[in-house]
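These notes concern the structure reproduced below.
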Amino acid sequence: MKQKTDVQQGTLALMVLKTLDVLGPLHGYGIARRIEQISGDLLSVNQGTLYPVLLRLEHEGAVASDWGASENNRRARFYRLTREGRRQLQAEVQDWRQTTEIVARFLTVKPESL
Amino acid sequence: MRALNRLFARLRNFITNRRIDRRLQEEIEQHLNFQANENIRAGMAPEEARRQAVLKFGSVQTVREDCHSEEGLPLVEGVLQDLHYALRVLRNSSAFTLVAVVTLALGIGANTTVFSVVDAVLLRPLPYMHPERLVEAESFFDRNSSPSNLSYPDFFDWRAQNHSFEHLVSYHDNSYTLTGVGRAVYVGAQVVSWDLLPMLGLHPAIGRGFTPGEEKRGTRVVLLSHALWQSQFGADKTVLGQTIQLSGETFTVIGVMPANFRFPITAPKTDLWTTLAVDDTPTGDGITNRGMHYLNAMGRLKPGLTVEQADQEMKAITARLAKQYPDTNTTHNSARVESELDAVLGDTKTLIVVILCAVALVLLIACGNIANLLLARVSDRRREIAMRSALGASRVRIIRQLLIESLALSVVGGVTGCALAFLCTPMVLRLIGDSVPRAADAGVNLQVLGFGLTVTLISGLLFGVVPALKASKTDVVPTLKTGGVSNISGRDRMRSTVIVGQVALGIVLSAGAGLLISSFAKLMHQGLGFQPEHLLTFRFETPDYRYKTTREQFYREYFERLRALPGVQSASGTLVLPMSNDNADVTFENPEHPVPAGQRPSADISLISPGYFNTMLVPILKGRDFTDADAPDALQVMIINQAFAEKYFPGEDPIGKKLKPGAGGGRPGGPPMREVVGVVGNIRHSMTQRHERPGYFLPASQLPSWCCMASVVRTSVDPISLEPSVRQLVTSIDKDIPVTDVRTMPELMSLQLSQPRFAMVLLGAFAGLALLLTVVGLYGVMMYSVSRRTREIGVRLALGAQRATVLRMVLRDASLLLASGIVIGLVAWLGFASVLKTMLYGTAERDPLVLAAVCVVVAMTGLLAAWLPALRAAAVEPMQALRVD
């Protein structure tokens, strides 16, 4: 079994939070579809990896879940962002921006600009 | 915060046992449906759509496992699962479990019990403030290093000249008769310097402590013990400032000590404390005579000073005093300062440590047995273990499983052991009696239970780790193929090593126990120089305020009436009662061999009344006993013992020789010259006395100022049955004289033997236990090896080997193990033997006879244990054995 890196796990959690933030309550498949659409193939092989992340976020109090009816009236479990989740999202977005900015700057550095 | 939330959620799941598995399954099912529908809409056939959905989802099992490890506490759950499994395994092999638990319970119970004593005696700090700065100081003669007490002038010089101590306090015991409050009672007292309480850092429960001025001549103040305050004064607070009568003198009560106050630690029954002013009498020289050594000294070191620094300073001061006062201090020319706890414990520290080591060895042997049992079980369980690892259990997982089994075993044994300790501790305490200071405070408390638990876990790891490591190395394929039966000799070598180690430890313990038993037997059967049976002893005081001038007459009348009591054959008195830890040592001058005052020899002294030797049944070897004719004004006489005669009058007739013992009769002109009128046999003064000591006797009638004689009565009936009549007799003469310490002579002897007895019984019990465990272990190993070799033996028999040969072969294997163990054990004993030196009497610590006997006993019991397996091996039916497998 290949261990997922923390970055991937963290990225996935961030994507879940952002998706729920933008689209409101969604069931697991909806979240997976959405992430797939935006990120391309991150989840195309292992959609299932989403579920442990969702469970972990739920344990952390960032999301809450309830049974509900899907668009075609089937029973499905819907996840929604909690206030704690929103706060977590903000903090993580901030972190992420900072990190990417720094990394980007490093990657674009040319010898003559040093 | 997030991590905390997560932990709480896990804990909640763990406690409520909530499982999201079903919910997850439903979610996954929905997920797959959504995806399949999507695929169908994209134009796939339904089966293909479903297949692609499943592919896209990835491993459902992995997701479930990931989710599972996210919920609850997987490590704890795993351990619990292992534990559950372990308990089932242990329950299923109940015979093994029973043997292991009983073995462990005995080992851990014994260790916990001993530790409860160690805790109270060695580990607890003294009940004073900053006890680590408290020290005991004593003087000694550097030529024979035997410690001695201090005289007041020496103590005052020490106190004035030292720079090491915040406080230096003298103390010695004393006794009084408390009258005027109910019936007269005998009270034990300590006479101390004023600053006892500041030195200890304690305060009275009520009232105040002593002031410096209360050391002054004529002051009479007391602090009462809580117990005396309650029993004699009804816990009445108005007792403060009141006066009480102690042996006819008036004392003012200034305070009551707290209930838990104890000083000295070794005299827990002290009833009151008073200042050294009581020794400063106008007529006596108790406080001014540099030659009267009867004080102990305890000090509190100044902060930052070490015991060694204080020791150096006191040595210097004492050497200076010896030069300054050669007449009195030549034989007290050095000093020793040691930590108070060490001083309190003395030799008993060795005893306790020896017992602790012994009991630890027992546990080690017990662990060896269980390790061997487990190793045997591992061999039998190889198939199960191979199966588990074939099913994917990692090596760590298998080790964990087996270790949890051992720990479960040890915890069950440990809990049983601690319960055993609860039962055994009071028994051990009864055995110890007063022979070990502070032991009476022992009990199974939290600390002791903590120790028990620690020992439990350590032993669980100790006996579990090797079998677990061995088992985890099981090769899967061959084991599964052969059905788990194959012989690996390495494992047997391990088991043999354990057995050899156990036998060696058993030898060490049995040697120690054997020597103590031999020593105790010699103590019990030593010649005492008198007949202890049918002797009753008791004490009472004849205080000066009543009997100063009439003491001689009082005793004469009293003994006459005592001898007239029915059941009394003879009766007499002695200042120093044998077997009661009393001792007095006084110098004497020999005019034929004059020496400077400071170098005069000294010998044991006792004052006796006529008929003492007759009562004790001590032979008078030469000359005569004292009689009533040896009156105060008659010829001054003395009687010496045989050891004295041999040492100071070798080859001469001592009768008629003149000596001047330094024992004054309180008359002007100092001690008189005395004539030796008799020589008597040596009397043992203590059960644990190592040599015959020179001693001499003076007639009490010629030194009537000396108080007080103990009574010895030889009876024709059961001695203790006379107790009421002797009490009544004394009360009828003077109702204010309480009779104390009514004991038979065998009882006194038994009390004196309590420390050797306790050492012998405990070490004997541990050695017995060790031997039993070793024998059981050896039996187990031999039995197992025989069952393993059934086939080989069958082949041998089939090829024509005699049954006797097989029997010999098994016994030879066992003998080899035993012999190796015995040799190693003996060598180890010879190395460690000297620790027992102070605990042995009349037996050398390497006594060859005892050691030989111990080896024979171990070898015989060991061979006996190997006999049954050997018989079984010899009884193997070749055809059956070959058909096995």
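Bear in mind these aren't lab numbers, they're just calculated from the coordinates by the rules spelled out. What you see is a predicted model; the values in this text were computed from it and never measured. Neighbour counts are summed over all protein chains in view; Cβ atoms, including those assigned to glycine, are modelled from backbone coordinates with ideal geometry.
What's the magnitude of the charge dipole for chain B around its Cα centre, counting Lys and Arg as +1 and Asp and Glu as -1 at the beta-carbon? Answer in Debye, nearest 20.
It comes to approximately 3860 debye.
Output the relative contact order of chain B, whole-number percent, from Cα pairs under 8 angstrom with separation of 6+ residues.
Dividing the mean separation by the residue count of chain B yields 15 percent.
So which of B:LYS522/B:LYS660; B:LYS237/B:LYS269; B:LYS315/B:LYS548; B:LYS315/B:LYS647; B:LYS548/B:LYS660 end up more than 29 Å apart, counting from Cα to Cα?
In this structure, B:LYS522/B:LYS660; B:LYS315/B:LYS548; B:LYS315/B:LYS647 exceed 29 Å between Cα atoms.
Identify, among B:GLN232, B:LEU200, B:ALA189, the residue whose Cα sits farthest towards the positive end of the charge dipole of the stretch B:142-332, taking +1 on the Cβ of Lys and Arg and -1 on the Cβ of Asp and Glu, with the dipole about the Cα centre.
Value: B:GLN232.
Once you measure Cβ to Cβ distances between cysteines in the protein assembly as shown, which Cys have no partner under 4.7 Å?
B:CYS67, B:CYS357, B:CYS367, B:CYS418, B:CYS424, B:CYS855
To the nearest 0.05, how large is the calculated FRET efficiency for B:ALA844 and B:GLN531 if R₀ is 22 Å and r is the Cβ-Cβ distance?
FRET efficiency, B:ALA844 to B:GLN531: 0.15.
What distance in nm separates the two pseudo spin-label positions at B:THR627 and B:LEU75, each 7 Å out from Cα along the beta-carbon direction?
Distance between label points: 9.4 nm.
Could you go through the stretch B:527-534 in sequence order and give the Karplus-derived ³J(HN,Hα) for each residue, using 6.51 cos²θ - 1.76 cosθ + 1.60 with θ = phi - 60°, rounded to whole Hz, and x for Gly and Pro?
Per residue, the Karplus-derived 3J(HN,Hα) values read x, 9, x, 8, 9, x, 5, 6 Hz.
Per residue of the stretch B:369-377, what does 6.51 cos²θ - 1.76 cosθ + 1.60 with θ = phi - 60° give for ³J(HN,Hα)? Whole Hz please, x for Gly and Pro, Karplus curve as stated.
3J(HN,Hα) across the stretch B:369-377, in whole Hz: 4, 5, 4, 5, 4, 5, 4, 5, 5.
Identify, among B:LEU351, B:SER175, B:THR454, the residue whose Cα sits farthest towards the positive end of the charge dipole of the protein assembly as shown, taking +1 on the Cβ of Lys and Arg and -1 on the Cβ of Asp and Glu, with the dipole about the Cα centre.
Positive-end residue among those listed: B:THR454.
Ranking B:VAL477, B:VAL618, B:VAL466 by Cβ neighbours within 10 Å, fewest first, what do you get?
Taking fewest neighbouring Cβ atoms as first place, the list is B:VAL477, B:VAL466, B:VAL618.
Taking neighbour counts of Cβ atoms within 10 Å as a proxy for exposure, in what order, fewest first, do B:MET44, B:MET860, B:MET638 appear?
B:MET860, B:MET44, B:MET638
Using the alpha-carbon centroid of each, what span in Å lies between the stretch B:417-455 and the stretch B:283-345?
Here the answer is 37 Å between Cα centres.
Assuming R0 = 51 Å, can you tell me the calculated FRET efficiency for the pair B:LEU469 and A:ARG87, based on Cβ-Cβ distance, to the nearest 0.05?
Computed FRET efficiency for B:LEU469 and A:ARG87 comes out at 0.55.
Taking the 0 to 90 degree range and rounding to the nearest ten, how far is the long axis of helix B:723-733 tilted relative to the main principal axis of chain B, both from C-alpha atoms?
Computed tilt is about 30 degrees.
Specify the inter-centroid distance of the stretch B:749-791 and the stretch B:674-729, based on alpha-carbon positions, in whole Å.
Between the Cα centres of the stretch B:749-791 and the stretch B:674-729 lies a distance of 44 Å.
What percent does the relative contact order of the stretch B:2-72 come to when contacts are Cα pairs within less than 8 Å and at least six residues apart?
So the answer I get is 45 percent.
Straight-line reach only, C-alpha to C-alpha below 13 angstrom: list the aspartates and glutamates that A:LYS18 could link to, leaving out same-chain residues fewer than 8 apart.
A:GLU92
Which residues make up the longest stretch of chain B clear of GluC sites (Glu not before Pro) that lie in a DSSP loop with no more than 14 other Cβ atoms within 10 Å, not counting the sites?
It works out to B:1-532.
At q = 0.19, 0.25 Å⁻¹, what log₁₀ I(q)/I(0) does the stretch B:37-80 have when each alpha carbon counts as one equal point scatterer in the Debye sum?
Taking Cα atoms of the stretch B:37-80 as identical point scatterers yields -0.64, -0.82.
Between B:ASP21 and B:ALA259, what is 0.36 nm times their sequence separation minus the Cα-Cα distance? Round to one decimal in nm.
Fully extending the segment from B:ASP21 to B:ALA259 adds 79.3 nm.
Using label points projected 7 Å from each Cα along Cα→Cβ, tell me how many nm separate B:LEU799 and A:THR99, to one decimal.
About 7.3 nm, to one decimal.
What percent does the relative contact order of the stretch A:6-113 come to when contacts are Cα pairs within less than 8 Å and at least six residues apart?
Once divided by the residue count of the stretch A:6-113, the mean separation gives 28 percent.
Just tell me which aspartates and glutamates come within less than 20 Å, Cα to Cα, of B:LYS622; anything on the same chain fewer than 8 places away is out.
Within the straight-line cut-off, B:LYS622 pairs with B:ASP604, B:ASP630, B:GLU646, B:GLU652, B:ASP653, B:GLU675, B:GLU692.
Hey, for a label at B:PHE422 modelled as a point 7 Å past Cα toward Cβ, could you say which residues of the stretch B:108-128 have their backbone N under 16 Å away?
B:109-110, B:112-113, B:116
Determine the dipole magnitude for the stretch B:29-139: charges of +1 sit on the beta-carbon of Lys and Arg, -1 on that of Asp and Glu, nothing else is charged, the reference point is the Cα centre, and the result goes in debye to the nearest 20.
Taking the Cα centre of the stretch B:29-139 as origin, the dipole is about 380 debye.
State the answer as a single residue: which of B:ILE432, B:ALA442, B:LEU407 lies farthest towards the positive end of the charge dipole of the stretch B:340-459, with beta carbon charges of +1 for Lys and Arg and -1 for Asp and Glu, about the Cα centre.
B:LEU407
For the protein assembly as shown, with only Lys/Arg (+1) and Asp/Glu (-1) charged at the beta-carbon, what is the dipole magnitude about the Cα centre, in debye rounded to 20?
In debye, rounded to 20, the protein assembly as shown gives about 4340.
With a Förster radius of 45 Å, plug the Cβ-Cβ distance of B:ALA584 and B:LEU863 into 1/(1 + (r/R0)^6) and report the FRET value to the nearest 0.05.
0.20
Using the number of other C-beta atoms within 10 angstrom as an exposure proxy, rank B:PHE649, B:PHE613, B:PHE766 with the fewest first.
B:PHE649, B:PHE613, B:PHE766
How much length is gained if the chain between B:ARG561 and B:ARG124 is pulled fully straight, taking 0.36 nm per residue apart and subtracting their Cα-Cα distance, in nm to one decimal?
So the extension gain works out to 152.2 nm.
Need one number: the % of Cα-Cα pairs in the protein assembly as shown sitting beyond the 46 Å mark.
Tail fraction, whole percent: 54.
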